[in-house]
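Every number here is computed from the coordinates shown, using simple stated rules; none is lab data. Treat the numbers as computed from the prediction; the structure is a model and nothing was measured. Every residue, glycine as well, gets a Cβ built from its backbone with ideal geometry; the counts of neighbours run over all protein chains shown.
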Number of protein chains: 2
Amino acid sequence: MNKFPILEIFGPTIQGEGMVIGQKTMFVRTAGCDYSCAWCDSAFTWDGSAKDDIVSMTASDIWEKLNELAKGNFSHVTISGGNPALLKNLQEFVKILNDNQIRIALETQGSVWQDWFLTIDDLTISPKPPSSKMVTDFQVLDKIISRLEDGGRKAHISLKVVVFDNKDYEYAKMVARRYSNIQMFLQVGNDDLSTIDDAELTYKLLNKYEWLTDKTMADSELADVKVLPQLHTLLWGNKRGV
Amino acid sequence: MNKFPILEIFGPTIQGEGMVIGQKTMFVRTAGCDYSCAWCDSAFTWDGSAKDDIVSMTASDIWEKLNELAKGNFSHVTISGGNPALLKNLQEFVKILNDNQIRIALETQGSVWQDWFLTIDDLTISPKPPSSKMVTDFQVLDKIISRLEDGGRKAHISLKVVVFDNKDYEYAKMVARRYSNIQMFLQVGNDDLSTIDDAELTYKLLNKYEWLTDKTMADSELADVKVLPQLHTLLWGNKRGV
Ligand code: SF4
Ligand code: SF4
């Protein structure tokens, strides 16, 4: 069996963002990313700082660990990273979850296709805006979105753009126009990844959420969109593993 | 054409709670309720305090008003109350929205059936827990849920229970057991409807949200559930019409 580089397995906790916000879920976090976003909130998955914590696990090791943590208390697993889409053979883990009637959420930036995307229940494609300093390859993204549409997955996918500033907002609008059939989420960026003053962070994040909401509500070019904060950051600040 | 007692029409704003949380939407609030919940956050719709603000409008009056406010800038309308399900002829308004490809959300406690429930895109049935001092008629609720299931509406409906305390939580679990096929939301109750100190309110609500999340995550009898706060209260406190 293939082994995968795993950095965290935890839960049950709530999904704090995106298309299944609020859902009781388990988290599996893979190591490694083909991007290096300026504001990555999971930089430890690829910058080497947590390399000693990476555990090499098979699909059934991960499944066992999930059950050890919470057998009978979950029906949903979120696969996060890093970019889990780098792992072709992760299919093996996805299959175990599918076979056990566990629903699956996945988040990826949309830089790499995998056939197993077609059995993900809640697939969030999250192309990165200018503030990330990354450049989206729209030819790749076009192909990913059309394969998902052709596969009849429209109800199971969404686009999510994190917005820090006006340029990011314009990028989000461009993405919304380009893929106008796909459910679109705007999410407030957290630009203070180190503070431990949770009250201050909550205040700042809610202010930014209000800014983004006001802007979006006034803008008829985004007539059909969802705007959300990150609930886990409002609850637990910058803590990991919750 | 029939006339309806309307108290508020506003938007676009975000849907702050439940199954379409974050969605850009317009709000139409009808007057009148068959309940009188102890902690009703819309008591002005039924307690007489806003009776002079009630406007009698036809379905096309309401549609016109929505377009006057935001033509081209909405694709979703939330019908709220009071209990809009008291209005049999509201069908006329629902039809206008259906015909114009505007998606519709409705919230009702589940005390009255209407045939037009079958064309609501996002129907939240929100039976009231013990802290409300209301008593759920489960025979009526059973019938409503099975008519919706028989009508093939499962993907379009959810149950939501507001939780203030442990007794409410037990009630929520009983509801989840009884209708185990239906998507279930727990929502934190706001027990301070009068404060204007938004920072204090945010702090209290996030603390309660953490309490409810912790409790639910530890409870394997609620293995598949979503737990959410009210985003509009975090953003705007107890203000009306936002
Ligand atoms: S794509 Fe995601 S995990 Fe990778 S660097 Fe960007 S934010 Fe971090
Ligand atoms: S059912 Fe809703 S509107 Fe009616 S009294 Fe209760 S909370 Fe208020």
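Taking amide H as placed 1.01 Å from N in the peptide plane, A:VAL77 has its amide H under 5 Å from the amide H of A:MET26, A:ARG103, A:ILE104, A:ALA105, each at least 5 places away in sequence or on another chain. Altogether, the Stokes-Einstein calculation at 10 °C and 1.306 mPa s, with the Kirkwood radius of chain B over Cα pairs as Rh, returns a diffusion coefficient of 86 µm²/s. Comparing B:ASN83, B:ASN166, B:ASN190 in a Gaussian network model of chain B where C-alpha atoms under 10 Å apart are linked, the largest mean-square fluctuation is found at B:ASN166. Loop-resident trypsin sites (Lys or Arg not before Pro) (DSSP state other than H, G, I, E or B) in the range A:107-159 with no more than 14 further Cβ atoms inside 10 Å of their Cβ: A:LYS133.
Calculated FRET efficiency, B:ASP34 to A:ASP197, Cβ-Cβ distance, R0 = 45 Å: about 0.45 to the nearest 0.05. Comparing B:SER42, B:SER75, B:SER180 in a Gaussian network model of chain B where C-alpha atoms under 10 Å apart are linked, the largest mean-square fluctuation is found at B:SER180. With distances taken between every two different alpha-carbon atoms, the range B:149-221 has a Kirkwood hydrodynamic radius of 13.8 Å. In a GNM of chain A with a 10 Å cut-off on Cα contacts, which of A:LEU159, A:LEU186, A:LEU148 has the highest mean-square fluctuation? Answer for the Gaussian network model of chain A: A:LEU148. The helix-only estimate of mean residue ellipticity at 222 nm for the protein assembly as shown, built from DSSP H runs of length n ≥ 4 each weighted as -39500 (n - 2.57), is -9500 deg cm²/dmol after division by the residue total. Here the calculated FRET efficiency for A:ASP150 and A:ASN207, from their Cβ-Cβ distance with R0 = 45 Å, stands at 0.60, rounded to the nearest 0.05. When each of A:ASP122, B:ASP214 is scored by the number of other beta-carbon atoms lying within 10 Å, the sequence from fewest to most is B:ASP214, A:ASP122. Cα convex hull, the range B:91-196: 123 Å³ per residue, rounded to a whole number. Would you calculate the separation in nanometres between label points at B:LYS167 and A:SER56, each defined as 7 Å from the Cα along the Cα-to-beta-carbon direction? The answer from the label model is 5.8 nm. Cysteines in chain B that lack a partner Cβ within the 4.7 Å cut-off: B:CYS33. Estimated from the Cβ-Cβ distance and a Förster radius of 51 angstrom, the FRET efficiency linking A:LYS133 and B:ASP137 is about 0.30. Coupling constants for the range A:98-109 follow from the phi torsions by the Karplus curve (6.51 cos²θ - 1.76 cosθ + 1.60, θ = phi - 60°), and in residue order they are 3, 5, 9, 6, 9, 6, 10, 10, 9, 10, 8, 6 Hz; glycine and proline get x.
A:HIS76 sits among other residues whose Cβ lies under 9 Å from its own Cβ, and their net charge, with Lys and Arg +1 and Asp and Glu -1, is -1.
In sequence order, the range B:189-202 has phi-based couplings of x, 9, 9, 10, 8, 10, 4, 10, 8, 5, 5, 4, 5, 4 Hz under the Karplus curve 6.51 cos²θ - 1.76 cosθ + 1.60, θ = phi - 60°, and Gly or Pro positions carry x.
In order along the range A:75-87, the phi-based Karplus estimate (6.51 cos²θ - 1.76 cosθ + 1.60, θ = phi - 60°) of 3J(HN,Hα) comes to 9, 8, 10, 9, 9, 9, x, x, 10, x, 5, 6, 9 Hz; Gly and Pro are listed as x.
Across the identical copies, the label point of A:LEU118 (7 Å from Cα in the Cβ direction) is separated from its matches by 3.5 nm, in order from shortest.
Under a 5 Å amide H cut-off, with hydrogens placed 1.01 Å from N, B:LYS160 pairs with B:ILE125, B:SER126, B:PHE185 among residues at least 5 apart or on other chains. What the Kirkwood sum gives for the protein assembly as shown is a hydrodynamic radius of 23.4 Å, with every pair of different alpha carbons counted.
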